[in-house]
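Take a look at the structure set out below.
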Amino acid sequence: MMSDHDVQSALTEVESICKQKSIQLTPIRKLAFSLLLTAPNGLKAYELLDKIKLQKSSATPPTAYRALDFLLEHGFAHKISKLNTFVACKHLCHHADTPSFLLICPCCQNVTEYDNESMNHSLIDALAASGFRLMEKEIEITATCPGCLTLGR
Ligand SMILES: [Zn+2]
Ligand SMILES: [Zn+2]
């Protein structure tokens, strides 16, 4: 779980990235992002909507979906198709040409963004060598997390 301080500094960073790229971080987009930051296992769209509603009762499903689209488009969040959830991106901004590996624990459903530059490049290079271009932005890998392994799950 992120501390208040971490959440605050992530928000500040996203604000400055948005300013740099001249994209608009509306209050609702900012709220959606901060809610994802404080949800370590990510949120489903309706869960996000429920949380938005606590602060902005007039919010409707399209409000949540549009905010999520924005966060995904700019690399501030990832969609986990396996779980149908959304998580805040650990790096806040991904290069569009490199994928992110998302490890999903089948026991606790924890999602970990896995950093491995060389795995990243070897995948892209291997596919390129076979004449393919990788289009997947989020590569989901089912892997039991260290915590669950310790518990002998
Ligand atoms: Zn990411
Ligand atoms: Zn686990």
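The values are calculated or read from the model by the stated rules, or taken from the named source; none is laboratory data. In this text the structure is predicted, and so the values were computed from the model without any measurement. A quick note on method: Cβ atoms are made from the backbone with ideal geometry, for glycine too, and the neighbour counts reach across all protein chains shown. Protein only, heavy atoms only, side chains kept; ligands, DNA and RNA dropped before computing areas. Shrake-Rupley method; radii C 1.70, N 1.55, O 1.52, S 1.80 Å.
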Checked segment 108-120 for anything more than 16 Å from ligand 1 (Cβ to nearest atom) and either under 17 Å from the mean Cα position of the chain (by Cα) or open to solvent by 60 Å² or more (accessible area, probe 1.4 Å) (or both); matches are Q109, S118
Take the conditions modelled with pLDDT under 95, within 15 Å of ligand 1 (Cβ to nearest atom), open to solvent by 40 Å² or more (accessible area, probe 1.4 Å) and within 26 Å of R153 (Cα to Cα) and apply them to D97. Does it pass? no
Within segment 51-65, residues being surrounded by fewer than 15 Cβ atoms within 10 Å (Cβ to Cβ) and not in a loop (DSSP other than H, G, I, E, B) number 6
Does T142 fit the bill of being touching a residue at least 24 places away in the same chain (Cβ under 8 Å), within 14 Å of ligand 2 (Cβ to nearest atom), open to solvent by 70 Å² or more (accessible area, probe 1.4 Å) and touching a strand residue (DSSP E or B) at 6+ places or on another chain (Cβ under 8 Å)? yes
Unmet criterion (only one of (1) surrounded by 13 or more Cβ atoms within 10 Å (Cβ to Cβ); (2) within 16 Å of ligand 2 (Cβ to nearest atom); (3) aliphatic (A, V, I, L, M)) for A77: (2)
Yes or no: L102 in contact with a helix residue (DSSP H, G or I) (Cβ under 9 Å, 6 or more places away or on another chain), closer than 24 Å to V14 by Cα, crowded, with 18+ Cβ neighbours inside 10 Å and touching a residue at least 12 places away in the same chain (Cβ under 8 Å)? no
Name the one entry in L68, L83 that is in contact (Cβ under 8 Å) with a residue 12 or more places away in the chain, open to solvent by less than 80 Å² (accessible area, probe 1.4 Å) and in a loop (DSSP other than H, G, I, E, B). L83
Which of the residues that make up segment 8-26 are within 18 Å of R66 (Cα to Cα), under 17 Å from the mean Cα position of the chain (by Cα) and aliphatic (A, V, I, L, M)? V14, L25
Looking at segment 105-118, I want the residues that are under 16 Å from K137 (Cβ atoms) and have a partner that is within 16 Å of ligand 2 (Cβ to nearest atom) and in a loop (DSSP other than H, G, I, E, B) with Cβ atoms under 7 Å, at least 6 apart or on another chain. Which pairs are those? V111/N41; V111/G42
